[in-house]
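The values are calculated or read from the model by the stated rules, or taken from the named source; none is laboratory data. Everything numeric in this text was worked out from a predicted model, so none of it was measured. Don't worry about glycine lacking a Cβ; one is built from the backbone with ideal geometry, like all the others, and counts go over all protein chains shown.
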Amino acid sequence: MTVVKNSENRVKFIHASDIHLGADQYRNESRSGDFIQAFQEILELALTNEIDFIILGGDVFTSLEMLPGNLMKVITILNEFKTCSEGNIPIITIEGNHDIRKFSRGMKFSKRGQSWLKLLASLNLVVLLDADFDAPIAEIYKSYNFKKKKGGKIRIKNISIYGNRYIDQNPTTLLTKIHDAIVKEETTFNILLQHFGIEGQMKNVPGVPLNIAERLNDRVDYLALGHFHKQFIIDNWIFNPGSSEATCSIDSSFKRGVFLIEVEYNGKFTKKVRMIRLNNRCHQWETLRLQKHLEHKDELYGFILQKLESNLKYHPPNSKSFETKMPLLNLVLKGKIPLKSKKLNTRELTNLICEKFPVVDVRIYQKFTNSLTTLDKYI
């Protein structure tokens, strides 16, 4: 497919984030493939919509712990994309906190230096932006050097894209430096690519206070965020697309996807924003209440399977999906504590449900009376 470039005064781009490639959710191979497929769908959208570039707001990978086979799939997909686009659609990204983690639930490296994004940049598959906050203000965001694979800004037509790695949950102390390092020109549209959230957009999750972020407003035309998996837009200026695939059961309830942006200059800049929901695997929730103690395992399993019978007749959530995807079942068990003599074997029950019904996996949440294992703990 030949990509037809837009005119100098009209630019189209895709803003995505938190793709979490390499996620091995529930140790399920099908779920691992979902994250790669979501990324592939984003690239296909870029080709179909003839965009000028893609920006990714960090957490492209879930950690440095990634199977070689999955990494090779990602590299192959990116090479195919580069061929199809004739190298005319750069993918511009920054490192999020997950990109520099050893393990998906581990701490980030105390000594930075390694990430899969750096590998992809070395292969000329992505442009990895970063800033030098120890440099003088004018040199914090140097123009990207394609030979050295370093730099904090890149210009495409009349768009300047600035970006830097994940700093902290609350990078307030550096926002003044970031503000002063960005050059604002009347005929240039500035995008700032950052990996942090805005306070109040997700309950009990820390972020930058909105009034602090707004200090960037006079230098930045489009504040492109990643980090929070829930999509939000503030004042048609701050944009967070949310994760491209649900990384947990709570994510499945969030509005998520990617933004397709069209910026046009006719004496002044105007932008059109379109939200696109990806064809993700659906999460199905079922709640069963046990009215009495079920002393025998077979009796308990039989009761659960019978109750699920009428509710698990599968229908594809989106007829336009690339393939029919079985849902992931979130099963909440309430009521009387079953099997007093021994603990509920959730893996055994999961296998039984997966064998009987068209579901890719089951997450079982026990919320029994007087039980210490609650739904809140799992989530």
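Overview of values
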| item | result |
| --- | --- |
| Residues satisfying the stated conditions in region 81-98, i.e. acidic (Asp, Glu) and closer than 15 Å to LEU225 by Cα | GLU95 |
| Out of ILE36, ILE77, ILE91, ILE14, sole residue that is touching a residue at least 24 places away in the same chain (Cβ under 8 Å) and either under 16 Å from MET275 (Cα atoms) or in contact with an Asp or Glu (Cβ under 9 Å, 6 or more places away or on another chain) (or both) | ILE14 |
| GLU264 being modelled with pLDDT of 90 or more, more than 26 Å from LYS203 (Cβ to Cβ) and either in the same structural domain as ALA213 (by TED's automatic domain parsing) or β-branched (Val, Ile, Thr) (or both) | yes |
| Filter result for SER85 (surrounded by 13 or more Cβ atoms within 10 Å (Cβ to Cβ) and at pLDDT 95 or above) | yes |
| Residues of region 60-72 satisfying the condition of being modelled with pLDDT of 95 or more and either out of contact with any strand residue (DSSP E or B) (no Cβ under 9 Å at 6 or more places or on another chain) or surrounded by fewer than 16 Cβ atoms within 10 Å (Cβ to Cβ) (or both) | MET72 |
| Residue match in region 188-200 (condition: in contact with a Ser or Thr (Cβ under 9 Å, 6 or more places away or on another chain), part of a loop (DSSP other than H, G, I, E, B), without any contact (Cβ under 8 Å) to a residue 60 or more places away in the chain and farther than 19 Å from GLY57 by Cα) | yes |
| Complete set of residues in region 42-54 that are crowded, with 20+ Cβ neighbours inside 10 Å and either free of Cβ contacts under 8 Å to residues at least 60 places away in the same chain or part of a helix (DSSP H, G or I) (or both) | ILE42, LEU43, ALA46, ILE54 |
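Rundown of residues vs (1) surrounded by 15 or more Cβ atoms within 10 Å (Cβ to Cβ); (2) over 28 Å from ARG10 (Cα atoms); (3) at pLDDT 95 or above; (4) not assigned by TED's automatic domain parsing to the domain that holds PHE61, yes/no style:
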| residue | (1), (2), (3), (4) |
| --- | --- |
| ARG105 | no, yes, no, no |
| SER110 | no, yes, no, no |
| LEU117 | yes, yes, yes, no |
| ASN124 | no, no, yes, no |
| VAL127 | yes, no, yes, no |
| ASP130 | yes, no, yes, no |
| PRO136 | no, yes, yes, no |
| GLU139 | no, yes, yes, no |
| TYR144 | yes, no, yes, no |
